[in-house]
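One structure is given below, encoded as structure tokens.
The values are calculated or read from the model by the stated rules, or taken from the named source; none is laboratory data. All values derive from a computational prediction rather than experimental measurement. Cβ placement follows ideal geometry from the backbone for every residue including glycine, while neighbour counts extend to all protein chains displayed. Accessible surface areas use protein heavy atoms only, side chains included; no ligands, DNA or RNA. Shrake-Rupley method; radii C 1.70, N 1.55, O 1.52, S 1.80 Å.
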Amino acid sequence: MPQDAFTISYAAKELKELLVGGKISRIIQPAREELTFIIYTRSGNLKLDACLSARAARLSISDDEKPVPQVAPNFCMLLRKHLQNAEILDVAQPNFERIVYFDLKCVSDFSSSVMRLYFEIMGKYSNAVLCDENGAIVGALKTTSIGDDTKRLILGGVKYSLPEPQDKAPPKDLEALKKILTSDGDRVKLIADKVTGISYATALEAVESLGEDMTAEELYDYLFSAQPEPCVTYLNGEPNDFKVRSVSGEQVRYPTLLKAQAAYYSYIYKKQTFQTAKTKAESALNAQIKKTEKRLAEIHAKLSECDGAEKIKLKGELITANIYAIERGAKFLECVNYYDPDGGKIKIELDNTLTPAQNAQKYYKKYAKLKRTFISVSEQKLQADKKLDYLKSISAHLNAAEELVDIEEISEELIQLGFIKAVKVKNKKPTLTPYREFEFGGFRIIAGRNNLQNERLTKSLAPEDIWLHTQKYHSSHVGIITDGREVPDGVIKVAAEICAYYSDGKEGTKIPVDYTKKKFVKKPPKTDAGFVIYTDYKTALADPNAHRELIKEDL
């Protein structure tokens with residue numbers, strides 16, 4: 001739902017109930033247009049997110065972990081200077097505007113004052129403005145200058161003023177509402193265009209709830225008296241909005257608007273963060289794949305040149321064999337090719353500035369150089385093929401990624417390889433990403449999410465545990481924890497289907513999956529992460545299946 005004044009009014013009331021009396025213990029600015037306040041309240045620490053970007057402006061309570069920059073931006077430092085340990089005295093919405101302000105009691109070693117922090121939730125004009133007790137602006141997230149073409153000056157020392165009122169009717173003016181509702185035209189558009197603080201989405205919900213023939217009193221009650229029924233609405237099984245109340249469509253109810261809003265934006269944040277991380281990893285990885293493929297093309301071109309080495313050697317030998325018949329200064333030698341079963345003739349080009357013996361030596365030297373090149377380039381090809389295969393294994397895991405945790409260790413792997421730069425995050429504790437974990441037939445099945453996890457997973461298995469990998473495809477390493485028991489064919493079948501799903505062959509059917517005991521799986525020294533060799537294996541044909549119904553709930 002757009003953050004109109006109607007929606008913000010409910011958020012402001014709930015924020016007041018939650019936060020008044022609380023103290024600001026920490027202030028972070030995780031992004032250019034985002035502020036996070038850690039507030040100690042009687043019910044524990046709460047995290048208030050103030051997102052002031054054009055697309056998702058809001059004030060919300062959140063549990064999402066966001067990166068903490070190494071260096072705090074200037075406005076964040078200003079807020080810390082004045083508001084650290086400040087007590088929240090009041091939270092209010094002035095004049096049914098898309099604005100919420102916090103009155104804060106700020107106490108230092110030498111003084112005490114009351115400051116006001118305004119959050120303007122106004123789309124691309126969203127802002128955070130800190131004012132002193134006299135209403136003068138101390139600082140703002142986004143400032144204007146005297147030369148800017150603006151009606152409101154947001155600048156240090158200037159008196160703060162609310163935005164000029166729109167040419168619309170106040171929503172609490174019953175007479176104005178009656179006049180609007182008796183006008184001709186589409187009810188939704190009339191309410192959205194003529195009533196202050198009501199978006200088209202809110203007007204649409206009001207009309208769907210009250211009907212086209214609603215009265216002004218009913219609309220007033222809907223806006224100010226009716227009990228909210230906060231919910232997140234769904235479209236095609238995914239959250240697509242949050243609302244104060246809704247009478248249609250698939251929805252999940254929440255006890256408060258703040259909880260509904262937090263659930264919706266948590267989904268959006270995770271989805272956007274996942275996509276951003278995946279795009280970044282894909283871009284870096286694809287650049288390396290293209291670079292390696294280009295290198296391989298150059299190697300193949302050099303190897304093609306070496307294909308004629310034996311013919312070069314033959315020419316040298318024929319010149320030597322016919323050296324008595326070559327006149328000094330001759331440009332060609334035409335002789336019988338005694339290597340040809342049919343006894344055919346061959347024409348050999350000569351350098352007329354060289355003697356016949358020197359011409360023969362010239363061909364021998366060229367042959368020797370091509371042989372050296374072939375040996376060297378063949379080794380380069382082996383390494384380039386190996387690197388390309390490894391990069392494609394990373395790509396396979398990236399394509400199989402479904403959550404942010406799937407991307408995190410892939411990104412770490414790319415950082416270790418030097419393909420992307422590490423982002424320094426303050427106080428970030430390293431954690432191991434959990435495996436995909438399943439339960440079937442009393443057996444625990446685990447699957448790696450990337451090469452680093454594959455390596456860790458394989459090392460963690462006991463000698464008698466079962467290890468699985470697709471044949472001729474890049475895939476997750478999958479393990480069946482046996483605890484010394486015999487594994488039924490049904491369990492191996494399920495594990496093989498999971499392995500096939502998290503592989504390059506997930507779009508096909510009857511994917512060959514090799515399985516063996518862990519004791520037959522070895523990692524050669526100095527090989528890439530996730531690379532192993534194995535023996536004593538059997539092969540199962542499996543149709544790819546994610547088996548999400550078997551995922552352990554505690555994960």
*Taking the Cβ of Thr202 as the centre, find all other residues whose Cβ is under 9 Å away and add up their charges (Lys, Arg: +1; Asp, Glu: -1).*
-1
*Across bins of 20 angstrom width beginning at 0, how are the C-alpha pair distances of the chain distributed, in whole percent?*
16, 31, 27, 16, 8, 2, 0
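Suppose R0 equals 41 Å; then what is the FRET efficiency for Lys552 and Asp389 from their Cβ-Cβ distance, rounded to the nearest 0.05?
On the way: r = 32 Å, r/R0 = 0.78.
That pair, Lys552 with Asp389, gives E of 0.80.
Expressed as a rounded percentage, what relative contact order does the range 12-66 have, with Cα pairs under 8 Å and six or more residues apart?
On the way: 83 pairs, mean separation 13.0, N = 55.
Over the range 12-66, the number comes to 24 percent.
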*Probe 1.4 Å, all protein chains in place: accessible area of Asp109 in Å², nearest 10?*
140
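Mind checking the full-extension length gain between Glu412 and Phe110? Use 0.36 nm per residue of separation minus the Cα-Cα distance, one decimal, nm. Numbers along the way, then the final one.
Values: separation 302, 0.36 × 302 = 108.72 nm, distance 4.79 nm.
Taking 0.36 nm per residue and subtracting the Cα distance, the gain is 103.9 nm.
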*On a 0 to 90° scale, report how tilted helix 257-306 is relative to the longest principal axis of the chain, with both axes built from alpha carbons and the result rounded to the nearest 10.*
20
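Averaging sequence separations of C-alpha pairs under 8 Å and six or more residues apart, then dividing by the length of the chain, give the relative contact order as a whole percent. Intermediate values should be presented prior to the final figure.
On the way: 970 pairs, mean separation 45.4, N = 555.
Over the chain, the number comes to 8 percent.
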*Can you give the angle from 0 to 90° between the axis of helix 356-400 and the longest principal axis of the chain, with both taken from C-alpha atoms, to the nearest 10?*
30
*Principal axes first, then extents: for the Cα atoms of the range 179-268, list largest minus smallest coordinate on each axis, whole Å, largest first.*
41, 26, 20
*Over the range 220-375, with a single point scatterer placed on each C-alpha, what log10 of the ratio I(q)/I(0) does the Debye formula yield at q = 0.10, 0.15 1/Å?*
-0.62, -0.89
*Please give the net charge around Asn85, taking every other residue with its beta carbon less than 12 angstrom from that of Asn85, where Lys and Arg add +1 and Asp and Glu add -1.*
+3
*Using alpha-carbon positions, what is the distance between the centroids of the range 292-361 and the range 169-184, in Å?*
99
*If the chain between Asn134 and Asn236 were fully stretched, how many nm would it gain, using 0.36 nm times the residue separation less the Cα-Cα distance?*
31.6 nm
*Please report, to one decimal in angstroms, the Kirkwood hydrodynamic radius of the range 227-297 built from all distinct Cα-Cα pairs.*
14.6
*For the chain, what does -39500 (n - 2.57) per DSSP helix run (n ≥ 4), summed and divided by total residues, give at 222 nm, in deg cm²/dmol to the nearest 500?*
-12500 deg cm²/dmol
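For a Förster distance of 60 Å, can you work out the FRET efficiency between the beta-carbons of Lys523 and Ser225, rounded to the nearest 0.05? Before the final figure, lay out each step's value.
On the way: r = 69 Å, r/R0 = 1.15.
Step by step, r from the Cβ atoms, then E = 0.30.
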_Using alpha-carbon coordinates, inclination of helix 404-416 to the longest axis of the chain, degrees_ = 50
_Gap separating the Cα centres of the range 472-501 and the range 218-277, nearest whole Å_ = 40
*Sort all Cα-Cα distances of the range 127-246 into consecutive 10 angstrom bins from zero, then give the percent of pairs in each bin up to the one containing the longest distance.*
12, 31, 21, 26, 11, 0
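Averaged per residue, what accessible surface does the range 362-412 expose to a 1.4 Å probe, in Å²? Don't jump to the answer; show the numbers that get you there.
Values: 2810 Å² over 51 residues.
Value returned for the range 362-412: 55 Å² of accessible area per residue.
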_Could you compute the net charge surrounding Asp465? Neighbours are other residues with a C-beta less than 13 Å from the C-beta of Asp465; K and R count +1, D and E count -1._
+3
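For Asp528, Asp103, what's the largest-to-smallest order of accessible area, 1.4 Å probe? Before the final figure, lay out the partial values.
On the way: Asp528 55, Asp103 25 Å².
Descending order: Asp528, Asp103.
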*When only Cα pairs under 8 Å and 6 or more residues apart are kept, what is the percent relative contact order across the range 458-530?*
41
*Unit Cα scatterers, Debye sum, the range 94-154: log10 I(q)/I(0) for q = 0.17, 0.19, 0.25 Å⁻¹*: -0.65, -0.78, -1.13
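On the protein heavy atoms, probe 1.4 angstrom, tell me the percent of accessible surface of the chain carried by carbon and sulfur. Intermediate results must be reported in sequence, preceding the final value.
Numbers: 15530 of 30080 Å².
Result for the chain: 52 percent of the exposed heavy-atom area is carbon or sulfur.
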*Would you kindly find the accessible area of Arg26, with a 1.4 Å probe and non-protein molecules such as ligands, DNA and RNA excluded, rounding to the nearest 10 Å²?*
100
_Size of the range 440-484 as Cα extents on the principal axes (Å, biggest first)_ = 28, 18, 16
_Per residue, how big is the convex hull of the range 457-555 when only Cα atoms are used? Give it in Å³._
112
*Label-point separation, Thr215 to Asp351 (7 Å along Cα→Cβ), nm*: 10.9
*Rank these residues by their accessible area, most exposed first, probe 1.4 Å: His82, His547.*
His82, His547
